[in-house]
Amino acid sequence: MNAQYEMSHEEIARAKLEVLRREHRDLDEAIAALATQSLTHSLTLQRLKKQKLALKDRIARIEDELTPDIIA
């Protein structure tokens, strides 16, 4: 039995959010590991930090999308 199940927009957004958070954590660990090395390539470190910041921005956009607007 192949029951077709379509994910709602919110479920898709939550799944993307989890993936982005995992990527953000992985980048954080990679940056910390590179920072402890004495022969760190600053360009590589800079690129990873920029990528981490971009992920943080994407996470914030999805979180904002999932948070309902409440007008007081």
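The values are calculated or read from the model by the stated rules, or taken from the named source; none is laboratory data. Fair warning: this is a prediction, and the values are worked out from it, not measured in the lab. So basically every Cβ, Gly included, is an ideal-geometry build from the backbone, and we count neighbours across all protein chains shown. Remember, those area values only see protein heavy atoms, side chains included, never the ligands or the DNA or RNA. Shrake-Rupley method; radii C 1.70, N 1.55, O 1.52, S 1.80 Å.
At a glance:
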item: Count of residues meeting criterion [of a type in the set (Lys, Arg) and in contact with a helix residue (DSSP H, G or I) (Cβ under 8 Å, 6 or more places away or on another chain)] in the range 3-35; result: 3
item: Matching residues, the range 48-72, being of a type in the set (D, E, K, R) and open to solvent by less than 100 Å² (accessible area, probe 1.4 Å); result: LYS52, ASP57, GLU63
item: Matching residues in the range 27-40 - criterion: being surrounded by 13 or more Cβ atoms within 10 Å (Cβ to Cβ) and modelled with pLDDT under 85; result: THR40
item: Single residue of LEU43, LEU17 found to be assigned to a helix (DSSP H, G or I) and either surrounded by 13 or more Cβ atoms within 10 Å (Cβ to Cβ) or at pLDDT 95 or above (or both); result: LEU17
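Conditions tested, residue by residue: (1) within 30 Å of GLU11 (Cβ to Cβ); (2) over 12 Å from the mean Cα position of the chain (by Cα); (3) assigned to a helix (DSSP H, G or I).
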position	(1), (2), (3)
ARG21	yes, no, yes
GLU29	yes, yes, yes
ALA32	no, yes, yes
LYS49	no, yes, yes
LEU53	yes, no, yes
ARG58	yes, no, yes
GLU65	yes, yes, yes
